[in-house]
Amino acid sequence: ADVNCILKKYVQQGILTEQEIKLVLPGRIVRFAKSNLASRMAAAQEKKRLWREQPFVIGLPAKEVKTEWDSDEMILVQGMVDAYFEEEDELVLIDYKTDWVKTEEELIKRYHTQLEYYQKALEQITGKKVKEKVIYSLVLGKEIVL
């Protein structure tokens, strides 16, 4: 009921359309809100140690981007980190996925490299170590730690 109320407010505020909220599955949002990851994020938020939707641009040697490129020429990689938080002076990187998959392995295979880039970016930008990379699959309703 709370999720549906929030969605209605989003329509009234013009954040979402009626058509868009028909695509939202409130049960999946509730499941995430009750997860261990959401609890950790809430604890970090209370300490002002949670960041969301952080854009980045980093330079990487070409051979790190594609193994068949045998060059140290710098390639710019840009992206958007869904969320990360600080816990015990290290970072936890979070990437939400809505892909319709049957197994965790599908998501790991599909997004492992992307999260490696995100880790490098966060470590370069913040000077802190990423201790954990987490994919939260809304379809599977679970967190997948890489």
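Computed from the coordinates by the stated procedures, all read-outs in this text should not be read as laboratory data. Computed from a prediction, not measured in an experiment: that's the story for all the values here. Neighbour counts run over all protein chains shown; Cβ positions are idealised from the backbone, glycine included.
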Using only Cα atoms, find the angle between the long axis of helix 36-46 and the longest principal axis of the chain, and express it within 0 to 90 degrees, rounded to the nearest 10.
90
With the charge dipole of the range 4-95 built from beta-carbon charges (+1 for Lys and Arg, -1 for Asp and Glu) about the Cα centre, the Cα from L23, Q78, A62 projecting farthest to the positive end belongs to L23
Helix 2-12 sits at what angle to the longest principal axis of the chain, using alpha carbons and giving 0 to 90 degrees rounded to 10?
80
Taking just the alpha carbons, could you work out the radius of gyration and Dmax for the chain, both in angstroms?
17.4, 55
Mind ranking 121-127, 9-15 by how tightly packed they are, going by the mean number of other C-beta atoms within 10 angstrom, highest first?
121-127, 9-15
Once phi is turned into ³J(HN,Hα) by the Karplus curve 6.51 cos²θ - 1.76 cosθ + 1.60 with θ = phi - 60°, what whole-Hz value does each residue of the range 22-28 show in order, with x for glycine and proline?
5, 8, 7, 9, x, x, 6
Helical contribution to [θ] at 222 nm, DSSP H n ≥ 4, -39,500 (n - 2.57), averaged over the chain, rounded to 500
-12500 deg cm²/dmol
Semi-axes of the equivalent ellipsoid for the range 24-96, please: Cα gyration tensor eigenvalues, times 5, square-rooted, ordered largest first, whole Å.
33, 16, 10
Report the charge-dipole magnitude of the chain in Debye, nearest 20, computed about the Cα centre from +1 at each Lys and Arg Cβ and -1 at each Asp and Glu Cβ.
700
Cross-link list K34/K133; K47/K120; K9/K47: which exceed 21 angstrom alpha carbon to alpha carbon?
K47/K120; K9/K47
From phi via Karplus (6.51, -1.76, 1.60), per-residue ³J(HN,Hα) for the range 112-126 in Hz, x at Gly/Pro
4, 5, 4, 5, 5, 4, 4, 4, 4, 4, 4, 5, 5, 6, 9
Give me the percent of DSSP beta bridges within the chain that run antiparallel, rounded to the nearest 5.
75
Skipping prolines and chain starts, which residues have an amide H placed within reach, meaning under 5 Å, of the one on I75, given they are 5 or more residues away or on another chain?
L60, A62
So for each of 132-144, 93-105 I average, over its residues, the number of other beta carbons within 10 Å; can you give me the resulting order with the highest mean first?
132-144, 93-105
